[in-house]
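The structure appears right after this line, and notes come after that.
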There are 2 protein chains.
Amino acid sequence: MKKIIQCVPNFSEGRDLDKIEKIVNPFRGKNGVKLLDYSRDEDHNRVVVTVVGEPEALKVAIVEAMGVAIEVIDMRSHEGQHPRMGAIDVVPFIPVKNVSMTEAVELAKEVAMEAADKYDLPIFLYEKAASTPERENLAKVRKGEYEGMKDKLQQPEWKPDFGPDMPHETAGVTAIGARMPLVAFNVNLATDDLEIANKISKNVRYLSGGLRYCKAIGIELKERGIVQVSMNMTDYTKTALYRVFELIRIEAKRYGVNIVGSEIIGLLPMEALIDTAVYYLGVEDFSMEQVLETRIME
Amino acid sequence: MKKIIQCVPNFSEGRDLDKIEKIVNPFRGKNGVKLLDYSRDEDHNRVVVTVVGEPEALKVAIVEAMGVAIEVIDMRSHEGQHPRMGAIDVVPFIPVKNVSMTEAVELAKEVAMEAADKYDLPIFLYEKAASTPERENLAKVRKGEYEGMKDKLQQPEWKPDFGPDMPHETAGVTAIGARMPLVAFNVNLATDDLEIANKISKNVRYLSGGLRYCKAIGIELKERGIVQVSMNMTDYTKTALYRVFELIRIEAKRYGVNIVGSEIIGLLPMEALIDTAVYYLGVEDFSMEQVLETRIME
């Protein structure tokens, strides 16, 4: 059975198309690696690449792309709205098919070790690959950003997992980790009252007492005159999409507000939606092995 | 983009395991062909094979398997509960991925032409591949069964599409066609009154005024003390699963009966369930291209 892992590296270049093409190029035309998407943001000055592949082939490609990024990006002159600490800012590995989280963590560590050694680059392991609980949260790892890394790496508790204790002069520091797929799921409400979206967000999100794998904020969709509960579902296998959807419906009732629809931004695994369909249809004893595509991909 | 077609040939041997293995063997170990399942029924004396593959590779494999079936099955001594007219009773091709129905029909015709020529076997094209409206319905094509084929083939309106006007002495006649995937979808009702399941079946099925791509009958689940609307959804892209499910819920209300759950028997394409999830979550502007597995299989 073929193993498939997804990788979503973020590189700190969102403006120079020529440089972006160079960085992305190692993911093209390789057996066992498939470039699915790359989208750049000029304000963030950052490109987010989505690639899937078999573990070994993916490792070779990502290490190569990291080398290119180090060559073409100079963090000393990098500006952008998105927090960043390095040319290769963050590299998450995500299990997709016939791969356990343990194997994704293993791959993250192998890539970190190899790249740190090859490019003399300090690397933190984060999320499921983290070596301490403090390093699980990417925001904490990245705090201080590129400019603050020199001092941060001197602190004993922030000694990198791999590579030197000094940031790479032009490439800074990189975080490599493993996590579940994120699903960007937004629920639109039939009101223009942002307060209501914010209150509901607080009720459903983990941070303030809600569902374990749900991050949420209220957002205004001004052109439509409505508001939205904008969410990141961080583990749909444990916090199902239908569950947060029905919970929002229940909370919105308090304000006499209806749901007008929802949005899914970007990619998601089929299982997140199939699980939802199986719930609404009340399908008994359903197995993902009944899905033709599961069998074809084996 | 790789084209994938499914094929579900039915062979008239459900008892002799040795013969069944011989028939199935051509689908094994071939590049571009994957044997997903084969299940035999002793009472029907029939084996149903499920295989997917790229069109050319699939053609080679099915023609080879047909040759084996002709060698090992003798219809002169075949008995079984299921209607049948030949050793290779029926061979439907089903578009799965990057394949149009027109291409599936084309493949059915190529296989029919090649096998008729190679094995001196009379072949009817049926369903979407049918050459006349009377031949669309497999039951009509098969009427008379193996024993009646000699006379049937003499009638001008039942001259085979390919091959001789006489049945193959030991292999009879074969039907080859193209169709949409079937989804076997059953909805369980909180009552033991079969009459209610039958009435609802009549209301939702095409035959008696219901949904265009729905076949339905009422069935008793004696061991559970409930009844079921047992359905074949013949084109889920046009008659969605959620639509028939909600219609059954509405009809059941007339009798004060609730739905207790549902069943999906065998394989189905992910799209049938994703479409259902997208309906219940009210996802706006969703595209199957957002499903990771769609992209991986491209």
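What follows draws every value from the coordinates through simple rules; no lab data is involved. This structure is a prediction, so every number in the text was calculated from the model and none was measured. Please note: Cβ atoms are built from the backbone with ideal geometry, for glycine as well, and neighbour counts cover all protein chains shown.
Key figures
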quantity: Per-residue Cβ neighbour rank within 10 angstrom, fewest leading, A:Phe11, B:Phe162, B:Phe185, A:Phe93; calculated: B:Phe162, B:Phe185, A:Phe11, A:Phe93
quantity: Nearest-ten-degree value, helix B:270-281 long axis tilted from longest Cα axis of chain B; calculated: 10 degrees
quantity: Partner aspartates and glutamates for B:Lys238 [C-alpha distance under 13 Å; skip if fewer than 8 residues away on the same chain]; calculated: B:Glu271, B:Asp275
quantity: Inter-copy label distances at B:Glu246 (7 Å, Cα→Cβ; nm, one decimal); calculated: 1.7
quantity: Inter-chain shielding of B:254-266 (mean C-beta neighbours from other protein chains, 10 Å cut-off); calculated: 3
quantity: Chain A, relative contact order [Cα under 8 Å, separation at least 6], %; calculated: 15 percent
quantity: Inter-part distance where the stretch A:252-298 and the stretch A:1-78 are each reduced to a Cα centre, Å; calculated: 30 Å
quantity: Over the stretch A:145-220: Kirkwood hydrodynamic radius from C-alpha pairwise inverse distances, Å; calculated: 16.0 Å
quantity: Cα gyration tensor of the stretch A:1-80 - equivalent ellipsoid semi-axes, whole Å, descending; calculated: 24, 12, 10
quantity: Quotient of C-alpha Rg and 2.2 N^0.38 Å, computed over chain A; calculated: 1.07
quantity: Per-bin percent of Cα-Cα distances, the stretch A:89-139 [5 Å]; calculated: 5, 21, 28, 25, 16, 5, 1
quantity: Helix-only mean residue ellipticity at 222 nm for chain A, each DSSP H run of n ≥ 4 adding -39500 (n - 2.57), per residue, nearest 500; calculated: -10000 deg cm²/dmol
quantity: Relative contact order (%) - criterion: Cα under 8 Å, at least six apart; region: the stretch A:1-81; calculated: 38 percent
quantity: Isotropic mean projected area of the C-alpha convex hull, the stretch A:183-296 (nm²); calculated: 7.7 nm²
quantity: Positive minus negative residues near B:Gly163 (Lys, Arg vs Asp, Glu; Cβ under 9 Å); calculated: -4
quantity: Summed residue charge, Cβ within 10 Å of B:Asp235's Cβ, Lys/Arg positive, Asp/Glu negative; calculated: +3
quantity: Proximal aspartates and glutamates relative to A:Lys59, as straight alpha-carbon distance under 13 Å, when same-chain residues fewer than 8 apart are discounted; calculated: A:Glu103, A:Glu106, A:Glu110, A:Glu114
quantity: Angle between chain A longest axis and helix A:55-72 axis [Cα atoms, degrees, rounded to 10]; calculated: 70 degrees
quantity: Reachable lysines, given that their alpha-carbon falls under 26 Å from the alpha-carbon of B:Lys152 and they are not under 8 places away in the same chain; calculated: B:Lys109, B:Lys118, B:Lys128, B:Lys140, B:Lys143
quantity: Three principal axis lengths of the protein assembly as shown [C-alpha, angstrom, descending]; calculated: 93, 56, 42
quantity: Distance in nm between pseudo-label sites at B:Arg15 and B:Ala184 (7 Å out along the Cβ direction from Cα); calculated: 2.2 nm
quantity: Alpha-carbon centroids, the stretch A:147-198 and the stretch B:170-223: separation in whole Å; calculated: 53 Å
quantity: Nearest-ten-degree value, helix B:101-119 long axis tilted from longest Cα axis of chain B; calculated: 30 degrees
quantity: Rg over Rh, two decimals, the stretch B:52-137 (C-alpha only, Kirkwood Rh); calculated: 0.97
quantity: Cα radius of gyration and Dmax for the stretch B:4-178 (Å); calculated: 14.7, 42
